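The values are calculated or read from the model by the stated rules, or taken from the named source; none is laboratory data. Everything quoted here is computed from the prediction, not taken from an experiment. Cβ: placed from backbone, ideal geometry, glycine included. Neighbour counts: every protein chain shown. For the accessible areas, the whole protein counts, side chains as well, though only heavy atoms, and no ligand, DNA or RNA atoms are used. Shrake-Rupley method; radii C 1.70, N 1.55, O 1.52, S 1.80 Å.
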Amino acid sequence: MNQEKNQLDAFDQKLNGFEDRLNPRSSKKREKKTEYGNNPWFFACRAGVEVVSAFIVGLVIGYGLDYWLSTKPVFILIFSVLGMIAGIFNIWHLVKPNDIRLK
């Protein structure tokens, strides 16, 4: 039983080394994920910050365009919605598994 575990650990190390040679960014992602572990509070706080910050950036850009072009709520609404969509995409990139590749 112990020998099988050692063989699996050795195989896992070889596989990770091969993956690191093929895709150097994968080792950075693996290290980044293990830095905080699977802490749900970290994930919840980061997800909230991602959505709120993207919304605020969209709101500020919209306000700036409305002020500059003298159009009241048009660009604020458009860029607020775009900011929320960007925040949702940021959360998607945070949650999606690494093995899913978009072609």
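Some notes on this structure:
- Hits in the stretch 60-76 - residues which are part of a loop (DSSP other than H, G, I, E, B) and under 32 Å from the mean Cα position of the chain (by Cα): Pro73
- Checking Leu22 against (1) at pLDDT 90 or above; (2) of a type in the set (A, V, I, L, M, F, W, C); (3) open to solvent by 70 Å² or more (accessible area, probe 1.4 Å), the condition it does not meet: (1)
- Matching residues, the stretch 1-19, being among the aliphatic types (A, V, I, L, M) and open to solvent by 90 Å² or more (accessible area, probe 1.4 Å): Met1, Leu8
- Count - residues of the stretch 47-69 that are open to solvent by less than 80 Å² (accessible area, probe 1.4 Å) and farther than 19 Å from Val81 by Cβ: 0
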